[in-house]
Amino acid sequence: LLHNILDSDVEILDITDVGGEATEVVSARMDRVADDLRARGYKPFIVRSTLPDISTILASVGWVNAADELITQLKAQNIDAQYVILAMGSGMTQAGFVSGSKYLGANYNVIGISASLSTDAAVAKVVEKVGAVSDFLGLGVKVMLGEVEINDSYIGEGYGIPTKECIDAIRLVAQTEGIFLDPVYTGKAMAGLIDLVKKGRFKSTDTIIFIHTGGIPALFAYNIEISR
């Protein structure tokens, strides 16, 4: 609907995964589209999710600012948070948030709930991007593989395929809090948080912050899956 309103041109590529060769295929296609647009007099800006592209670094920089904002609010309200939970896709959100949190000396642990990648692959991406963001901003922050926590237990059948638990989480949060999550990222992240709570991952006295990264318009694209 939004693409229709904006009169956007959307290209759908037939790929089976969201990493490795698929990333290269998408990147190459974006380059070709951008070249065509330049030839027609436009000035396209390519948004990638891989380094060393500047758009990737700038996306993570925004989450450094988000960490600063959260820490400021926690201090102002005298809240001691133990955990921050967020969805992990390309790693840009978690990399920026970890960078800002570590630089500012936050005491909470950041846990990413993967929407696509295995834990090992996701952790490697975050560590790499933390280094890039830190270098770009001059933060002097580095993290080791063992310092990054990402859980890949809630991906389900694959990226963009909502699980039953994801849809249940979307309904629960909407009906109890009036907050809408999306079926690709935040729905799975909330499903992960709910399951981790049930499994005793956290203490009853822990304060947990859930980061809502957006994606609400995606609900309309999953009308059939959610309405079943």
Number of the condition not met by I113 [criteria: (1) over 22 Å from D206 (Cα atoms); (2) touching a strand residue (DSSP E or B) at 6+ places or on another chain (Cβ under 9 Å)]:
(1)
Return a yes/no flag: does region 77-85 have any residue that is farther than 15 Å from H212 by Cα, free of Cβ contacts under 8 Å to residues at least 12 places away in the same chain and either over 18 Å from the mean Cα position of the chain (by Cα) or surrounded by 24 or more Cβ atoms within 10 Å (Cβ to Cβ) (or both).
yes
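Being small (G, A, S), in a helix (DSSP H, G or I) and either surrounded by 16 or more Cβ atoms within 10 Å (Cβ to Cβ) or in contact with a helix residue (DSSP H, G or I) (Cβ under 9 Å, 6 or more places away or on another chain) (or both) is the filter here, so list the residues in region 204-228 that pass it.
Here is the first cut: in region 204-228, the residues small (G, A, S) are 204, 214-215, 218, 221, 227.
Checking which are in a helix (DSSP H, G or I) leaves us with 218, 221, 227.
Listed by number, the list holds a single entry, A218.
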Residue among T186, T176 that is loosely packed, with under 13 Cβ neighbours inside 10 Å and of a type in the set (S, T, N, Q)
T176
Only one of (1) more than 21 Å from the chain's Cα centre (by Cα); (2) at pLDDT 95 or above does not apply to I155, and that is (1)
Can you confirm whether region 37-50 contains a residue that is touching a strand residue (DSSP E or B) at 6+ places or on another chain (Cβ under 8 Å) and within 30 Å of N107 (Cβ to Cβ)?
no
Quick check: is even one residue across region 141-164 in a loop (DSSP other than H, G, I, E, B), closer than 30 Å to G105 by Cβ and in contact with a Phe, Trp or Tyr (Cβ under 6 Å, 6 or more places away or on another chain)?
yes
Pair list, Cβ < 6 Å and 6+ apart or interchain, from region 150-169 residues that are on the phi < 0 side of the Ramachandran plot to residues that are surrounded by fewer than 20 Cβ atoms within 10 Å (Cβ to Cβ) and part of a loop (DSSP other than H, G, I, E, B)
D152/S118; Y159/V18; T163/G156
Condition first: part of a helix (DSSP H, G or I), over 18 Å from the mean Cα position of the chain (by Cα) and closer than 27 Å to G187 by Cα. Can you find one or more residues in region 49-71 that meet it?
yes
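The values are calculated or read from the model by the stated rules, or taken from the named source; none is laboratory data. Just so it is clear, the model here is predicted, and its values are computed rather than measured. We place every Cβ from the backbone using ideal geometry, glycine too, and count neighbours over all the protein chains shown.
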